[in-house]
1. Quick check: from the Cα gyration tensor, does segment 175-304 come out rounded (a/c under 1.5), prolate or oblate?
2. If each residue's Cβ is checked for other Cβ atoms within 10 Å, how do Ser273, Ser426 rank with the fewest at the top?
3. In whole Å, how far is the Cα centre of segment 104-168 from that of segment 302-326?
4. Expressed as cubic angstrom per residue, what is the convex hull volume of the alpha carbon set of segment 318-444?
5. Using Cα pairs closer than 8 Å and at least 6 residues apart in sequence, work out the relative contact order for segment 353-465, in percent.
6. Quick one: the Cα spread of segment 461-504 along its three principal axes, in angstroms, biggest first?
7. The chain: D in µm²/s via Stokes-Einstein (Kirkwood Rh, Cα pairs, 10 °C, 1.306 mPa s)?
8. Could you state the per residue volume, in Å³, of the convex hull enclosing the Cα atoms of segment 1-147?
Amino acid sequence: MASQLFQKKSIDKLIAEAESPEHQLRKSLGPWSLTALGIGAIIGTGIFILTGTAAAGEVLEVHSILKAPLLDAMLHGAKALGTAGRPGAGPGIALSFLLVAIACALAGLCYAELASMIPIAGSAYTYAYATLGEILAWIIGWDLILEYAVSNMAVAVGFSAYIDRLLRGFGIELPRQMMEPLFVEGKYTGAYFNLPGFLIVMILTVILVIGIRESAGANNLMVCVKLLAILIFVFAASRFIHASNWKPFMPNGWQGVLTGGAIVFFTYIGFDSVSTAAEECKNPQKDVPFGIIASLVVCATLYVTVALVLTGIQHWPTLRNAAPVANALVAIGLPNVMKWVSIGALTGMISSLLVFQLGQARVWFAMSRDGLLPRVFSKVHVRFRTPHVSTWVAGFFVAIPAGIFDIGTLADLSNIGTLFAFVLVSLGVLVLRRTQPERRRSFRTPWVPVVPILSILSCMILMASLPVETWVRFLVWLVIGLTIYMTYSRHRSEFGRAAQAAAAAGTAPVNVDPAR
């Protein structure tokens, strides 16, 4: 068993399995569709909310050691309790966005290399199976399922609340019992079911089942609407910029810029979902690296531009509110532009839901094809050539909890899961450079080992900044996953079946991985 835990699947075998007729997905995505998937996943409502929050700063009340950042709890213990402040970055939030983009690019470059070598659905899960072994592949796959699911449950609940506010603005009031989850912070709300949150996930699930081309087309349309809304804001509001609002540019110095970066870091999460669609690309070796890097460049440019305009039209301390962009537009007399921003925020939620549901289904599909999950999840629709069973399961797995619970408080689980995936992918680049230096790489991460090591360190620092309770929940989820692996998955994986066959024949287990 110990040897099985760290057995790796060869890259050639992974690619051969993906090309087998019963598991083959339709290849219809090009570089720009992949870029749009990345933009769809990255840009949500965060650009309209967190920009103002990070610019103005935050005041945090820490009443429990579980709510304190892990690093603070380790270094200061009970002294981490009480009121803590995050100094605002001011106009320097634009610099925060730029620095965070560079930090994300470190992980993005590592993803690009592995995606060009292993163009298979499953993203970090598949990369870990090829570089680090079965047990770590299971851990990251189980982690990705949580990451995508929790993120989309929170977005679906937010979508419902946003739709409710939008309809109320037009004088339309729907029954409260069908617009809210049953439970918020563990308390019964009196509602029956969050119907809009459930319906939007299931509608997107139908689109994803019908086909990747149709899904990409829907995402492309939503990305265009979202980008148009952002550009309208930039061009309309830029006429009201007062340079005096940018002085001083860094009112709290580099401390403000860095803490602002910690707040906005999670607005960049999502570019890794591009790699989950690698198996449905026409030319994945070139197009996936292009999609990852291009989506980061486009989003970084938009984030920096919005930050400069927002802090230029309003003095940065006034941006500490729930809707800083919308309120700033009202303050300068542009309520019509605010409507476009609302449409942009709404489409941002939907496109993010679509891409993350696509990514989650591909992880289920890849793990099932390897035997770590029931084989039914790797079935491919005869007509649509999509993993329809895993897509439906992923849809209900998100939609039903979104109708019952408000799990916004668990959103940090998505963040810690993403950062953990970044660490393993960066580590995978180092391993493959050492074990398979001769293998062809359509894209090569520059400055190895410096870039992967910096990526690992930056991700670990950000993970340490998350609350203790997030780490506890994350570890509980991993314990559940390891229990499933030890009792079910390891017996049904390719290596597990080979070991059982060898034991039955009374011979030493045959290593079925030709790479070893």
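1. In terms of gyration-tensor shape, oblate.
2. On the way: Ser273 30, Ser426 27.
Going from sparsest to densest Cβ surroundings: Ser426, Ser273.
3. Their Cα centres are 29 Å away from one another.
4. It is 229 Å³ per residue.
5. Worked out over segment 353-465, it gives 19 percent.
6. 49, 19, 11
7. Estimated via Stokes-Einstein, D reaches 67 µm²/s.
8. 184
Read-outs throughout are calculated quantities, based only on the coordinates presented, and are distinct from any laboratory measurement. Being a predicted model, the structure only gives us computed values, none of them experimental. Glycine also receives a Cβ, built like all others from the backbone with ideal geometry; neighbour counts cover every protein chain displayed.
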